[in-house]
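J.: The structure's right below; bear with me while I get my questions together.
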Amino acid sequence: VQLQASGGGLVQAGGSLRLSCAAPRAIFSVFSIYDMGWYRQTPGNERELVAVVTSSGNTNYADYVKGRFTISRNNSRKTVSLQMNSLRPADTAVYYCQAKRGLEAYWGQGTEVTVSS
């Protein structure tokens, strides 16, 4: 089972991108019960949490994106988005979305973000 992530690309420093992640309707019949997160990974490094929005709508962000990124979810459309503003070269990574509930976890295929200086 894979989530469908999209929206990555090449952007100049200071620019914006919006990532989206869609959950297959046939699998995620009750999307709202999952915590949804965005992670990122660079070569040779561990995948790290960028932002999460819980099933109850609470959000949490990594310190290095606070004030710049905003995570949101649309339960009726079964999507989660990550609005990324004021992008920096250090934000360059492959971004992955995740749906999690207890020990259940599903990942998207990753979407690449490149921020040029």
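J.: Please give the charge dipole size of the chain, origin at the Cα centre, charges +1 on K and R Cβ atoms and -1 on D and E Cβ atoms. Round to the nearest 20 debye.
T.: It comes to approximately 340 debye.
J.: While we're looking at this one, here's another question. For the chain, rounded, prolate or oblate, judged on the Cα gyration tensor with a ≥ b ≥ c (square roots of eigenvalues), a/c < 1.5 rounded, else prolate if a/b > b/c?
T.: prolate
J.: Express in nm, to one decimal, how much length is gained between Lys100 and Asn58 on full extension, taking 0.36 nm for each residue of separation and deducting their alpha carbon distance.
T.: Taking Lys100 through Asn58 to full extension adds about 13.7 nm, to one decimal.
J.: With a Förster radius of 30 Å, plug the Cβ-Cβ distance of Gln83 and Ser29 into 1/(1 + (r/R0)^6) and report the FRET value to the nearest 0.05.
T.: Once the sixth-power term is evaluated, E becomes 0.65.
J.: Follow-up. Provide the net charge surrounding Met84, with neighbours chosen by a C-beta distance below 14 Å and charges set as Lys +1, Arg +1, Asp -1, Glu -1.
T.: Here the charged neighbours net out to +3.
J.: Compute the accessible area per residue over the chain, keeping the other protein chains in place, probe 1.4 Å, unit Å².
T.: 52
J.: Among Lys100, Lys66, what's the order by accessible area (1.4 angstrom probe), most exposed first?
T.: Lys66, Lys100
J.: Before anything else, pin down the relative contact order of the chain: Cα pairs under 8 Å, at least 6 apart, normalised by residue count, whole percent.
T.: 37
The values are calculated or read from the model by the stated rules, or taken from the named source; none is laboratory data. From a predicted model like this one, the values you see are computed outputs, not experimental measurements. Here Cβ is always computed from backbone atoms with ideal geometry, including for glycine, and neighbour counts include all displayed protein chains. The area values use the complete protein model at the heavy-atom level, side chains included, leaving out ligands, DNA and RNA. Shrake-Rupley method; radii C 1.70, N 1.55, O 1.52, S 1.80 Å.
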